[in-house]
């Protein structure tokens with residue numbers, strides 16, 4: 001199994017999932033006689049959710065790319081953990097729509113919707129962590145990390161994943177606070193380096 | 001006709017179909033005043049169907065890749081049998097949604113919905129078998145199997161396809177039993193080797 | 001502009017359009033208390049439309065591939081005529097859904113729906129013809145046809161396009177007759193060679 | 001990070017967004033007993049919006065391709081500004097649907113809908129300008145423009161973007177006038193050269 005079709009399939013799933021996010025953006029239209037400006041304002045949680053989910057999928061796509069391009073040999077285990085990652089990516093439009101529907105409320109449903117939203121990101125993060133773990137254990141990458149760098153690599157990943165653990169817990173108490181946290185992460189990662197993947201920044205081709 | 005665009009098109013169809021699975025995941029939202037937890041629990045068949053269909057498409061994608069990468073020369077017959085495979089892949093979101101709608105019932109409609117769901121997988125499997133048969137008959141692969149290995153290759157494929165024949169028959173009597181069977185297959189294949197394709201595990205490039 | 005991204009974009013559009021065809025396949029579900037078998041039977045035009053549109057998109061994709069791979073140099077005019085082709089491809093799911101909704105009726109709306117459906121295929125065919133014409137006029141292909149073969153190439157294309165002219169006219173009088181005609185074309189092309197594209201069957205790489 | 005996966009992901013998003021445009025094309029069907037011709041006529045803004053948005057996405061895709069293929073080295077900043085571009089591309093089906101719903105009206109909602117539609121194109125244009133600016137500043141392209149050509153390159157881009165500034169302002173006073181302006185731009189760009197990107201028309205491969 002070569003890497004390119006794994007990338008092509010994953011890219012397709014990322015691209016469709018990110019585009020389906022916009023299906024949640026709808027207004028009632030002229031039938032209801034409401035001013036469009038009022039309709040759009042009332043949909044602010046859908047727009048905020050669109051923005052944050054779009055940025056978050058973008059970040060995980062960049063990280064996925066950086067990690068996968070370091071891989072020399074694809075096996076069945078990697079395909080499986082990649083599927084785990086994608087199963088959560090595809091859930092994001094659903095999670096975003098549900099979260100946005102309840103965000104303006106202060107109810108147990110709103111908190112549960114935010115736990116679901118944050119939990120999907122946590123699952124996605126876990127899938128990404130499983131791919132990282134696979135690269136560390138199998139060493140099927142172009143520049144395997146020496147064993148003494150395994151824990152630092154894991155630690156940097158866990159640092160990122162921890163935010164989604166925290167936001168999932170926070171969501172159980174306050175949906176808006178969890179949403180702010182998730183938004184801060186999305187914006188923060190745009191300006192920061194992601195956890196370095198094994199071989200990140202190196203050539204993805206074997207030395208000739 | 002070269003192989004790469006067949007792969008690109010098929011990957012696109014697989015990626016879109018797998019992502020559209022999530023369109024069936026919707027909740028009523030706050031309008032109905034029902035607790036979100038109750039709404040999500042009531043949708044358990046949709047989530048179960050999402051998971052099993054996602055894994056099953058993932059498995060057939062992996063098998064498709066393994067088989068197609070062994071192919072040296074694409075002809076019109078192969079394009080046609082590949083279309084047969086894809087026509088069933090694209091039906092999966094519809095089959096999953098219908099099956100999930102009826103799964104909680106014990107009715108002839110529920111059994112018919114499960115026959116439909118299982119039958120779509122059977123059709124997909126038949127399309128995959130037709131591609132396998134094409135590779136055996138034309139020998140348009142990098143490492144054609146010697147004739148004495150044709151029947152073992154077919155037998156391994158039929159072993160897998162047989163499960164969908166059985167689950168389709170079982171569905172006519174018990175929808176839940178058929179769903180359990182299909183789920184077991186999806187989980188089993190994740191941990192098992194798939195039927196070896198001609199040239200599987202070999203280089204997909206001609207010897208220089 | 002190189003050819004590969006034109007192919008990748010077109011393949012993406014073909015793949016999404018073919019997958020969206022299935023969005024029209026929906027049943028009412030258990031809410032209406034109708035037997036699922038009855039619901040599925042009543043939707044037979046949607047299933048027939050799905051099958052024929054799927055096969056027809058598949059055929060035009062194969063032809064598109066054969067023609068585009070012979071192209072050596074992409075220019076702005078080609079990009080524009082390719083957009084014309086794709087604008088009709090993307091309309092197919094809408095045309096199919098509308099046609100299927102009205103097919104069981106014998107009304108002027110049913111005939112108009114079939115004119116629309118057939119007309120979309122005619123437009124797609126015209127877009128394909130424009131790409132063929134571009135290859136003949138510019139000669140930006142690996143093996144340009146000698147001028148004396150231009151008319152035979154056009155004639156073979158026009159032969160295929162003519163069917164959609166006829167089916168569009170027939171649709172104005174009888175929707176079912178036009179649908180049978182379109183179906184026959186779809187099945188016929190699966191077993192027949194398509195109009196040969198310039199350089200078809202030849203290497204798409206320049207002689208080294 | 002290599003360029004090819006950035007292109008593959010962007011192409012996927014462009015292809016899905018352009019295909020989702022057609023989801024807004026729906027008619028009521030036979031249930032409402034209205035003649036299909038009347039239903040289609042009443043939907044003319046949806047068809048006009050489909051056409052213009054399709055052409056506009058097509059133009060930006062061509063420009064995106066021309067600019068990105070000149071890029072030698074992808075960094076995090078480029079990935080971010082590319083996301084900004086895509087975030088507006090994905091909004092186009094929503095903007096088109098909303099604009100089309102209100103276009104036949106003469107109301108403040110109709111003008112706001114057109115401001116939204118035009119504003120999405122303006123945002124897309126700004127994202128494209130940010131990519132251009134990145135290529136000028138970093139010089140990470142195969143044939144960097146000499147500094148004295150930076151302002152001419154910007155001027156040509158700003159010339160194009162200015163149209164969307166104007167149409168957004170015009171939309172606040174007259175929705176139809178703004179739509180005509182946007183349509184003229186879409187048709188104009190089909191026949192004209194786009195702002196030359198650095199290295200446009202040159203080889204995208206480094207001299208061997």
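The values are calculated or read from the model by the stated rules, or taken from the named source; none is laboratory data. Keep in mind that what you see is a predicted model, and the values were worked out from it rather than measured. Neighbour counts are summed over all protein chains in view; Cβ atoms, including those assigned to glycine, are modelled from backbone coordinates with ideal geometry.
Structural remarks
- Any hit, the range B:97-118, residues being at pLDDT below 95, within 14 Å of the chain's Cα centre (by Cα) and more than 26 Å from residue C:63 (Cα to Cα): no
- Checked against the criteria, residue B:127 counts as surrounded by fewer than 23 Cβ atoms within 10 Å (Cβ to Cβ), closer than 24 Å to residue C:20 by Cβ and either in contact with a strand residue (DSSP E or B) (Cβ under 7 Å, 6 or more places away or on another chain) or in contact (Cβ under 8 Å) with a residue 40 or more places away in the chain (or both).
- Test result for residue B:156, farther than 21 Å from residue B:74 by Cα, in a helix (DSSP H, G or I) and modelled with pLDDT under 85: yes
- Residues of the range B:1-29 satisfying the condition of being crowded, with 18+ Cβ neighbours inside 10 Å, part of a helix (DSSP H, G or I) and over 17 Å from the mean Cα position of the chain (by Cα): B:5, B:6, B:8, B:24
- Residue satisfying all of: in the range A:69-83; part of a helix (DSSP H, G or I) and either crowded, with 21+ Cβ neighbours inside 10 Å or touching a strand residue (DSSP E or B) at 6+ places or on another chain (Cβ under 8 Å) (or both); farthest from the other protein chains (Cβ to nearest Cβ) among these: A:78
- Top-ranked residue in the range D:30-45 [being surrounded by fewer than 23 Cβ atoms within 10 Å (Cβ to Cβ) and touching a helix residue (DSSP H, G or I) at 6+ places or on another chain (Cβ under 7 Å); ranked as modelled with the lowest pLDDT]: D:30
- Lone qualifier among D:120, D:87, D:57 - being part of a helix (DSSP H, G or I), crowded, with 21+ Cβ neighbours inside 10 Å and at the interface with another protein chain (Cβ under 8 Å from one of its Cβ atoms): D:87
- Within the range A:1-10, the set of residues being touching a residue at least 24 places away in the same chain (Cβ under 8 Å) and within 9 Å of chain D (Cβ to nearest Cβ) comprises A:7 only.
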